[in-house]
Amino acid sequence: MILTRHNTLIFLINHGLCSMADLVGQRIEVRSHCQRNRGFSVRWPDGRGFYVKQHRPDQGEWEADSGVATEARLLQLFNQEAELQSSVPRWRLFDAARQTLVLDWQPSPARAPQPRPDAAYARRLGGALARLHRTLAAMNPRLRQRLPGLNAHPPWALRLQSLYPLVGADQSWAQAEWVARWQCQTDLMAALAELYAQWPRAQLIHGDMKWPNCLEATAARRPLPVFIDWEMAAWGDPFWDLAGLTQSYVKAWVDGLALTERDDAAVALARARLAWPRWRCALAGLWQGYGATGVWLRLARLCGARLLQTLYEDAGGDAHIAPGQQLLQQSARALLLLPGTQLRQCLLAGDPLTGASVRSDA
């Protein structure tokens with residue numbers, strides 16, 4: 001059964017999650033949110049509802065151990081832990097034959113916010129992620145037993161040398177251009193190789209942490225983050241999750257500059273430096289909330305790698321490289337390559353683009 005907007009309600013009725021009586025006299029909204037997989041929100045006027053996610057393979061038949069199946073197993077475990085129940089969606093059911101997961105829709109008001117230079121919220125977000133990681137660390141023995149075969153490979157962004165700079169059905173011209181540029185930068189490749197070699201596999205991490213995966217649910221008049229989309233969960237470095245949130249702030253800083261093809265490098269840099277202080281304060285709040293102030297250098301290196309991943313993903317389908325992407329590339333190089341003392345100065349007082357020694361015209 002391939003789910004669509006038209007048969008999702010039938011699927012829920014067949015599984016006893018709603019009845020024909022629920023459909024009578026009420027306006028039920030069903031919306032499609034398909035991205036990597038099929039997704040559908042089913043909402044009643046009173047705010048209750050479900051989020052239905054079905055695995056969509058790239059080709060061929062469904063995989064027995066898809067990302068949706070992984071997420072279903074994890075959330076079922078997480079929902080049994082009191083410390084995690086407010087931080088993850090509520091699991092309802094998983095239909096293995098149809099590779100379909102059903103979760104409670106987040107209570108209203110809940111939304112996926114846009115990154116903003118709010119230091120107070122950034123501190124709460126960092127604190128929430130730290131609590132999540134502490135709880136997962138405490139659960140580690142049980143998770144190891146219950147999740148055999150879970151991915152333990154380093155993120156693909158640390159293995160950029162394995163990609164091919166070729167345009168094809170799965171890689172746009174802009175993506176192929178980025179791969180070609182990066183693979184010509186031996187210092188960049190060496191920095192990524194070092195992170196790859198040092199990748200730990202001791203703890204469960206989210207694996208795809210970014211702003212769209214942090215819903216903002218209001219409780220006691222304070223926005224509390226709910227972490228969603230656990231398909232990429234793996235054994236790895238908790239700092240990769242924090243680097244994912246960090247790159248969301250850095251990307252929002254550059255996106256907010258609204259650069260066009262007419263803006264030269266001097267204009268772009270001037271705007272970037274003018275806007276940076278507010279975003280720098282938000283990043284400081286995020287790291288302080290997490291408690292990462294003493295290990296900021298490795299975090300910065302991982303953030304640089306995560307920015308490269310974002311650049312590649314955002315270039316999907318693009319025929320050229322946008323001006324803002326050039327700034328993100330320079331920021332990624334600075335985060336990956338600047339010496340520690342110089343990088344600290346950039347993050348505390350300047351901006352990640354001031355490291356002229358690591359810029360590349362490649």
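The values are calculated or read from the model by the stated rules, or taken from the named source; none is laboratory data. As the structure is a prediction and not an experimental result, all values here were calculated from the model. As a convention, Cβ positions derive from the backbone with ideal geometry for all residues, glycine included, and neighbour counts pool all protein chains shown.
For the stretch 218-236, check the following and say yes or no: at least one residue is of a type in the set (S, T, N, Q) and part of a helix (DSSP H, G or I). Reasoning before the result, please.
Initially, the stretch 218-236 is screened for residues of a type in the set (S, T, N, Q), giving 218.
Now narrow it down to the ones that are part of a helix (DSSP H, G or I): none.
No, because not a single residue in the stretch 218-236 is of a type in the set (S, T, N, Q) and part of a helix (DSSP H, G or I).
Considering the stretch 260-305 alone, what residues qualify as being free of Cβ contacts under 8 Å to residues at least 60 places away in the same chain and not in a helix (DSSP H, G or I)?
262, 264
Go through (1) under 30 Å from residue 273 (Cβ atoms); (2) over 13 Å from the mean Cα position of the chain (by Cα); (3) part of a loop (DSSP other than H, G, I, E, B) and name the single condition residue 180 misses.
For residue 180, the failing item is (3).
When the residues of the stretch 70-86 are filtered to those that are hydrophobic (A, V, I, L, M, F, W, C) and in contact with a strand residue (DSSP E or B) (Cβ under 7 Å, 6 or more places away or on another chain), which remaining residue is nearest to residue 141 (Cα to Cα)?
Residues of the stretch 70-86 that are hydrophobic (A, V, I, L, M, F, W, C), as a first pass: 72, 74-75, 77-78, 82, 84.
When the remaining residues are screened for being in contact with a strand residue (DSSP E or B) (Cβ under 7 Å, 6 or more places away or on another chain), the result is 72, 75.
Values: 72: 19, 75: 17 Å.
Ranking the qualifying residues of the stretch 70-86, first place goes to 75.
Any idea which of 146, 159, 201 is of a type in the set (Lys, Arg), farther than 22 Å from residue 317 by Cα and touching a helix residue (DSSP H, G or I) at 6+ places or on another chain (Cβ under 9 Å)?
Values: 159 fails: farther than 22 Å from residue 317 by Cα; 201 fails: touching a helix residue (DSSP H, G or I) at 6+ places or on another chain (Cβ under 9 Å).
Result of the check over 146, 159, 201: 146.
Could you check the stretch 190-200 and list, in sequence order, the residues that are part of a helix (DSSP H, G or I) and surrounded by 14 or more Cβ atoms within 10 Å (Cβ to Cβ)? Write out each step before concluding.
First, the residues of the stretch 190-200 that are part of a helix (DSSP H, G or I): 190-197.
Of everything in the stretch 190-200, those that are part of a helix (DSSP H, G or I) and surrounded by 14 or more Cβ atoms within 10 Å (Cβ to Cβ) turn out to be 191, 192, 193, 195, 196.
Taking residue 308, is it assigned to a helix (DSSP H, G or I) and within 25 Å of residue 169 (Cβ to Cβ)?
When the stated conditions are applied, residue 308 passes them.
Given the conditions (1) more than 18 Å from residue 210 (Cβ to Cβ); (2) under 21 Å from the mean Cα position of the chain (by Cα); (3) among the aliphatic types (A, V, I, L, M), which single one is not true for residue 343?
With respect to (1) more than 18 Å from residue 210 (Cβ to Cβ); (2) under 21 Å from the mean Cα position of the chain (by Cα); (3) among the aliphatic types (A, V, I, L, M), residue 343 is out only on (2).
Which of the residues that make up the stretch 123-143 are in a helix (DSSP H, G or I) and either more than 19 Å from residue 216 (Cα to Cα) or not assigned by TED's automatic domain parsing to the domain that holds residue 246 (or both)?
Residues of the stretch 123-143 that are in a helix (DSSP H, G or I), as a first pass: 123-138, 140-143.
Of everything in the stretch 123-143, those that are in a helix (DSSP H, G or I) and either more than 19 Å from residue 216 (Cα to Cα) or not assigned by TED's automatic domain parsing to the domain that holds residue 246 (or both) turn out to be 134, 135, 136, 137, 138, 140, 141, 142, 143.
Checking the conditions here, which among 64, 110, 72 is modelled with pLDDT of 75 or more and hydrophobic (A, V, I, L, M, F, W, C)? Before you say what the answer is, go through the steps one by one.
Details: 64 fails: modelled with pLDDT of 75 or more; 110 fails: modelled with pLDDT of 75 or more.
Matching residue, one of 64, 110, 72: 72.
Which numbered condition in (1) closer than 26 Å to residue 239 by Cα; (2) surrounded by fewer than 17 Cβ atoms within 10 Å (Cβ to Cβ); (3) not β-branched (Val, Ile, Thr) is the only one that residue 123 fails?
Single failed check for residue 123: (2).
Hey, among 243, 174, 234, which residue is surrounded by 14 or more Cβ atoms within 10 Å (Cβ to Cβ), more than 19 Å from the chain's Cα centre (by Cα) and not basic (Lys, Arg)? Working first, answer last.
Numbers: 243 fails: more than 19 Å from the chain's Cα centre (by Cα); 234 fails: more than 19 Å from the chain's Cα centre (by Cα).
Being surrounded by 14 or more Cβ atoms within 10 Å (Cβ to Cβ), more than 19 Å from the chain's Cα centre (by Cα) and not basic (Lys, Arg) holds for just one of 243, 174, 234, which is 174.
Filter the stretch 144-157 down to residues that are assigned to a helix (DSSP H, G or I) and without any contact (Cβ under 8 Å) to a residue 60 or more places away in the chain and give me whichever is nearest to residue 190 (Cα to Cα).
Of the stretch 144-157, the ones assigned to a helix (DSSP H, G or I) are 144-146, 156-157.
Adding the requirement that they be without any contact (Cβ under 8 Å) to a residue 60 or more places away in the chain leaves 144-145.
Values: 144: 32, 145: 35 Å.
Looking at the filtered set, the residue picked out is 144.
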